[in-house]
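Below is one structure, written out as structure tokens, with a few remarks after it.
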Amino acid sequence: MLTAFHHIFVILIIIVAVHSSSIAQKEVEEAEIFLLYDDMGYIPRWVFTLGFYCDSIIAINRWGDNSVAIVPINNNTINYALENGRFIFVSSHGAEGDIILQDNIFYGPENVDSDNISASLQYVYLSGCDTGLKRQEWENILSPAYVKTFDRLSTTFEHIYWLIVEGPRVINSLN
């Protein structure tokens, strides 16, 4: 009985992982919400699409197909998301108030071009540890968007919890 349940669970995870990968754009294109991630060179994309699944479903129900982009984080993708997004979730490490892009490039509030921030940007979630050390600078440059940061070590579990429990509520409340 337990083995059958285990097999069914694995099959369901595979089905949801395939579906989550198919509904999110792989390239930086116009979207309402963005998940920008650092795969550290070995984490497959489907892990991120699976983690962002609940949020993707809400966004697609609100704004239609192609409203979700899940892409690796680099200078181009973060700048594009800031210029076009309504909601941005940055799944990356942080240090000294900055987020760390692919290839260990530091990106802080001083790297943001305030003239190119989307007028519809409402929420930015910076999962990186210690991004809260520059909380005021992030909030100032991304204003009037709400910016969630952490002035401590943050855990993967709390981000997953947020994505599943809080994220859909936040995304559903956006204009």
**Request:** May I ask you to order 68-76, 80-88, 26-34 by the average number of other C-beta atoms within 10 Å around their residues, highest value first?
**Result:** 80-88, 68-76, 26-34
**Complete:** Across Q102, Q136, Q122, the residue with the highest GNM fluctuation in the chain (Cα network, 10 Å cutoff) is Q136
**Prompt:** Can you tell which of D55, D113, D39 shows the greatest fluctuation in a Gaussian network model of the chain with Cα springs below 10 Å?
**Reply:** D113
**Prompt:** Given H placed on each backbone N at 1.01 Å, which residues far from K148 in sequence or on other chains put an amide H within less than 5 Å of it?
**Reply:** V124, Y125, L126
**Complete:** Carbon plus sulfur, as percent of the 1.4 Å-probe accessible area of segment 1-86, comes to 63
**Derived scalar couplings ³J(HN,Hα) [segment 85-98; Karplus, 6.51 cos²θ - 1.76 cosθ + 1.60; whole Hz; x for Gly, Pro]** = x, 9, 9, 9, 10, 9, 9, 7, 7, x, 7, 6, x, 9
**Request:** State which helices in the chain qualify, where a helix is a whole DSSP H run, it must extend 27 Å or more along its own axis by its Cα atoms, and its mean Kyte-Doolittle hydropathy must be at least -1.0.
**Result:** 2-23
**Å² of accessible area per residue within the chain, as computed with a 1.4 Å probe and no ligands counted** = 53
**Request:** Can you send over the carbon and sulfur percentage of the accessible area for segment 107-166, probe radius 1.4 Å, protein chains only?
**Result:** 51
**Asked** What are the extents of the Cα atoms of segment 1-72 along their three principal axes, listed from largest to smallest and rounded to whole Å?
**Response** 46, 31, 14
**Message:** Can you say what percent of the DSSP beta bridges in the chain, counting only those with both residues inside, are antiparallel? Round to 5.
**Reply:** 20
**Prompt:** Roughly how many debye, to the nearest 20, is the charge dipole of the chain about its Cα centre, given +1 on each Lys and Arg Cβ, -1 on each Asp and Glu Cβ, and no other charges?
**Reply:** 660
**Request:** Using Cα pairs closer than 8 Å and at least 6 residues apart in sequence, work out the relative contact order for the chain, in percent.
**Result:** 21
**Message:** Tell me the accessible surface of S154 in square angstrom (1.4 angstrom probe, heavy atoms of protein chains only), to the nearest ten.
**Reply:** 20
**Theoretical gain in end-to-end length, N175 to I13 [0.36 nm per residue, Cα-Cα removed]** = 55.2 nm
**Asked** Put R45, R152 in order of accessible area, largest first, 1.4 Å probe: what do you get?
**Response** R152, R45
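The values are calculated or read from the model by the stated rules, or taken from the named source; none is laboratory data. Everything numeric in this text was worked out from a predicted model, so none of it was measured. So basically every Cβ, Gly included, is an ideal-geometry build from the backbone, and we count neighbours across all protein chains shown. When the accessible area is computed, the model is the full protein with side chains, heavy atoms only, and any ligands, DNA or RNA have been set aside. Shrake-Rupley method; radii C 1.70, N 1.55, O 1.52, S 1.80 Å.
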